[in-house]
Amino acid sequence: DQQVKQNSPSLSVQEGRISILNCDYTNSMFDYFLWYKKYPAEGPTFLISISSIKDKNEDGRFTVFLNKSAKHLSLHIVPSQPGDSAVYFCAASPFFQGGSEKLVFGKGTKLTVNP
Amino acid sequence: DSGVTQTPKHLITATGQRVTLRCSPRSGDLSVYWYQQSLDQGLQFLIQYYNGEERAKGNILERFSAQQFPDLHSELNLSSLELGDSALYFCASSVGQGAGGELFFGEGSRLTVL
């Protein structure tokens, strides 16, 4: 049973446009959500997070939106740059009910930003 | 550079064999986590150690075992290897027992079982 789903394996956008990566979750106990970015031959790196008490968190060109009723979150990258080309993993955890061992990852979406 | 070091980066072995993957966490981090990423799969949590003690277990097979040593480095032992064990194995670390998810990952060890 996949608790965190990233239904788009890949996404291609033009440089300067908006990239929107989507993630759905099924476990209503999840209350902390993260996005990790992974370049080839490197480990995932933390990008941005949001807790369930918020519906939006912004960090520079990256914004994460959370819709709790729909159990859906999205990552917006504006404007997209070729260096953003990577695999993006959505992850979720029941923050107040455990530590990072309860972190559940999606399968990832490969973003390609074309110059 | 996350500060987490994993060796070896690549490993090719045969079915039935045993391998050991090694991880050195970031300086000061007490928790070490092991994840497996198989083809087209997300990161699957295997096991966590905190300050030398096993803290949590995930989807880790009985053929796999791990430990964390007094200097806080960790080893993941994979035995009686099968073709399906071919995967990227990531180690991650955090200062405490994990603030809900922000982990620092190594570059991974790619295991190929032939």
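The values are calculated or read from the model by the stated rules, or taken from the named source; none is laboratory data. All of these numbers come straight from a predicted model, not from anything done at the bench. Neighbour counts are summed over all protein chains in view; Cβ atoms, including those assigned to glycine, are modelled from backbone coordinates with ideal geometry.
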Check: (1) at pLDDT 95 or above; (2) under 30 Å from residue B:55 (Cα atoms); (3) within 14 Å of chain B (Cβ to nearest Cβ): which one isn't true of residue A:71, the others all being true?
Finding: (3)
Check: Only one of these conditions is not met by residue A:94: (1) out of contact with any helix residue (DSSP H, G or I) (no Cβ under 7 Å at 6 or more places or on another chain); (2) within 14 Å of chain B (Cβ to nearest Cβ). Which number is it?
Finding: (1)
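Do you know which residues across the range A:42-94 are among the small types (Gly, Ala, Ser) and under 10 Å from the mean Cα position of the chain (by Cα)?
Just the residues of the range A:42-94 that are among the small types (Gly, Ala, Ser), to begin with: A:43, A:49, A:51-52, A:60, A:69-70, A:74, A:80, A:83, A:85-86, A:91-93.
Listed by number, the residues that qualify are A:49, A:74, A:91, A:92.
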Item checked: residue B:81 vs. criteria more than 15 Å from the chain's Cα centre (by Cα), closer than 23 Å to residue A:36 by Cβ and in a loop (DSSP other than H, G, I, E, B) -> no
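Just to check your reading of the model, which residue among B:107, B:82 is within 8 Å of another protein chain (Cβ to nearest Cβ), touching a strand residue (DSSP E or B) at 6+ places or on another chain (Cβ under 7 Å) and charged (D, E, K, R)?
B:107
Restricting attention to the range A:9-25, and to residues there that are at pLDDT 95 or above and outside any strand (DSSP E or B), which single residue is nearest to the chain's Cα centre (by Cα)?
Pass one, the range A:9-25, residues at pLDDT 95 or above: A:10-25.
Keeping just the survivors that are outside any strand (DSSP E or B) gives A:15-18.
Numbers: A:15: 19, A:16: 20, A:17: 18, A:18: 15 Å.
Checked the range A:9-25; the qualifying residue nearest to the chain's Cα centre (by Cα) is A:18.
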Next item on the list: Look at residue A:4 and say whether it is closer than 23 Å to residue A:93 by Cβ and of a type in the set (A, V, I, L, M).
Entry: yes
Margin query: Given the condition modelled with pLDDT under 95 and either in a loop (DSSP other than H, G, I, E, B) or crowded, with 22+ Cβ neighbours inside 10 Å (or both), answer yes or no: does some residue in the range A:78-92 qualify?
Written below: yes
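Within the group A:38, A:5, which residue is surrounded by 13 or more Cβ atoms within 10 Å (Cβ to Cβ), in contact with a Pro (Cβ under 6 Å, 6 or more places away or on another chain) and within 11 Å of chain B (Cβ to nearest Cβ)?
It is A:38.
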Notebook entry, point to check: For the range B:1-31, which residues satisfy the criterion of being at pLDDT below 95 and of a type outside the set (D, E, K, R)?
Noted result: B:2, B:3, B:27, B:28, B:30, B:31
Check: Does the range B:2-55 hold any residues that are under 13 Å from the mean Cα position of the chain (by Cα), away from every other protein chain (no Cβ under 13 Å) and part of a loop (DSSP other than H, G, I, E, B), and which are they?
Finding: B:8
